[in-house]
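Just below is one structure, and these are the notes that go with it.
The values are calculated or read from the model by the stated rules, or taken from the named source; none is laboratory data. Because the structure is predicted, anything quoted here is derived from the model rather than measured. All Cβ positions, even for glycine, are placed from backbone atoms using ideal geometry, and neighbour counts span all protein chains on display. Side chains included, ligands, DNA and RNA excluded: accessible areas come from the protein's heavy atoms. Shrake-Rupley method; radii C 1.70, N 1.55, O 1.52, S 1.80 Å.
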Amino acid sequence: MHTLLAGVAILLPTFLLLRFLATTSIRHIVIQSCRAIADRLHLHQTYTVPQFDPTTLLPNPLYSRVAAYLSSLQHADSSAAATNLLSGSNPSHDIILSPDPNRHVITDRFLSALLSWSNHPASSPASGCKFVLCLRKKDKRRILRPYLQHILSVSEDVGREIKSFTTHFAPSAAAAESPWRAVPFAHPATMETVVMDADLKGKVKSDLELFLKSKQYYHRLGRAWKRSYLLHGPPGTGKSSFVAAMARFLCFDVYEIDFSKFADDSDLLKLLSQTTPRSVVVIEDLDRILANSSGNLSLSGLLKFMDGIGCEERVMIYTMTSKEGIDPSVLRPGRIDVQIHFPLCDFPAFKALAGNYLGVKEHKLFPQVEEVFLSGASLSPAEIGEIMIANRGSPSRALKSVITALQAADAAASDARAAAAAAAAAGDDGGGGVFCRESVHTVREFRKLYGLLRIGSRRKEESSVPSSELGGGSGPLEKEGRIEGGGAKS
């Protein structure tokens with residue numbers, strides 16, 4: 001009996017010690033030591049995935065694919081000291097697992113083989129970060145190629161956070177650092193929220209879906225795998241919102257080109273070469289850029305940019321107010337594949353806006369609104385949307401305010417036409433001066449009335465329902481993005 005108790009007294013502390021070691025960092029030290037010994041014996045093969053191509057310094061698309069794949073793994077290796085938890089595109093619901101840059105290890109299993117990934121921090125701005133894959137040499141021939149194909153397949157299905165890129169200096173200003181600065185893409189517009197002719201919207205979606213499936217077709221034709229769109233129409237008709245909706249539909253990153261950052265044509269071409277595949281490249285107000293002959297960019301440089309030689313899997317989008325006076329070489333097929341007109345608001349677009357902003361599908365004032373539209377009056381969808389936001393607590397008051405604003409706009413347009421006719425009849429410079437003064441005065445009167453309507457409605461709204469009622473929203477992007485696109489027709 002005494003011998004048994006003595007044995008238990010010896011074994012119990014030993015058992016507790018082993019259990020403690022198995023659940024503490026000492027176990028990790030033992031595992032790391034075993035791995036170090038295996039490395040010394042050259043039992044493993046390593047492969048590096050750099051963030052940038054060492055020869056061209058361009059982004060390596062495989063790096064982002066591997067990052068997306070690793071974020072989808074259900075667990076990190078227990079030898080990892082820490083893993084970063086980051087918010088996704090929806091901070092309220094999305095949490096992303098990201099490897100810590102302190103060379104921490106994530107393990108994976110594929111076809112019964114054990115593999116490990118480590119994330120190495122950048123040694124210099126030019127080199128960027130890198131992932132290192134480690135696997136046993138005896139498994140290399142059997143699993144390496146299928147495993148890489150598995151990574152590419154899974155990364156396609158992982159929920160991808162869209163990013164918005166803007167330029168913060170010209171490419172030549174600091175060659176070792178990317179001129180693009182990325183932030184999460186926060187514009188709320190989608191294909192469902194933009195107001196547009198249903199048939200036209202369906203055609204655009206079908207065109208984008210067909211483009212995504214046409215890589216081999218484009219290559220067989222000897223053409224770059226890209227698609228170019230021109231969105232043209234007056235300000236406030238929804239062009240910028242539709243760009244955001246297209247990016248969300250494709251799940252592509254957005255690159256916004258700022259021409260004020262460039263010294264010459266070569267800067268523009270360098271910037272395009274540093275965009276990544278699966279991206280939307282946007283140039284706003286192309287007509288204004290072409291009219292600015294005093295700039296450092298030439299027409300030939302812009303045309304080379306539009307040709308997009310060497311760019312694959314990109315959608316190029318250009319916006320302008322009017323196509324009048326634009327050089328035909330800019331608009332020719334091949335440089336511009338699809339042209340979409342965004343007109344001022346008409347009655348069908350108005351009804352869609354009323355449904356989105358006010359939650360109203362039918363109303364007794366709709367016939368009166370339609371009558372005003374038929375008389376030739378119109379406003380931009382952004383202007384009508386602003387009136388509805390300011391009066392969202394009372395749909396009737398909102399519709400009456402829209403009617404008043406439309407009538408004022410129609411009166412202003414009539415006065416401007418009359419002044420133009422008088423100026424044409426006068427046929428001299430003095431008449432032209434009278435036209436300018438009268439038309440400017442009329443427009444100012446309309447804007448003054450429009451402002452008074454908004455101020456008055458907001459004062460009345462202080463005792464109305466809260467902004468959350470009827471789906472109303474007044475965030476910083478609501479004005480331009482959520483329902484700005486108005487009744488676009490081809």
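A few notes on this one:
- Residue in the stretch 385-392 that is part of a helix (DSSP H, G or I) and either out of contact with any helix residue (DSSP H, G or I) (no Cβ under 8 Å at 6 or more places or on another chain) or among the polar types (S, T, N, Q) (or both) present: no
- Failed condition for Phe242, given (1) in a helix (DSSP H, G or I); (2) surrounded by fewer than 17 Cβ atoms within 10 Å (Cβ to Cβ): (2)
- The helices (runs of 4 or more DSSP H) located wholly in the stretch 270-335 that include 1 or more residues which are among the hydroxyl-bearing types (Ser, Thr, Tyr), without any contact (Cβ under 8 Å) to a residue 40 or more places away in the chain and open to solvent by 20 Å² or more (accessible area, probe 1.4 Å) occupy 299-307, 328-331.
- Residue-level analysis places Lys400 among those that are more than 25 Å from Lys239 (Cα to Cα), at pLDDT 85 or above and either of a type outside the set (D, E, K, R) or in a helix (DSSP H, G or I) (or both).
- Per-region count, the stretch 336-351, residues part of a helix (DSSP H, G or I) and either closer than 30 Å to Trp225 by Cα or open to solvent by less than 40 Å² (accessible area, probe 1.4 Å) (or both): 3
- Any hit, the stretch 191-199, residues being touching a residue at least 60 places away in the same chain (Cβ under 8 Å) and within 30 Å of Leu57 (Cα to Cα): no
- Matching residues in the stretch 239-296 - criterion: being within 14 Å of Lys163 (Cα to Cα), of a type in the set (D, E, K, R) and in contact with a Ser or Thr (Cβ under 7 Å, 6 or more places away or on another chain): Arg248, Asp253, Glu256
- Scanning the stretch 127-177 for residues that are modelled with pLDDT under 70 and farther than 22 Å from Leu268 by Cβ returns Ser127, Asp157, Val158, Gly159, Arg160.
- Arg288 being of a type in the set (Lys, Arg) and closer than 18 Å to Tyr255 by Cβ: no
- Residue within the stretch 203-217 that is within 13 Å of Glu313 (Cα to Cα) and open to solvent by less than 10 Å² (accessible area, probe 1.4 Å) present: yes
- Entry remark, the stretch 358-381: residues being open to solvent by 20 Å² or more (accessible area, probe 1.4 Å), touching a Gly at 6+ places or on another chain (Cβ under 9 Å) and not in a loop (DSSP other than H, G, I, E, B) number 0 in total.
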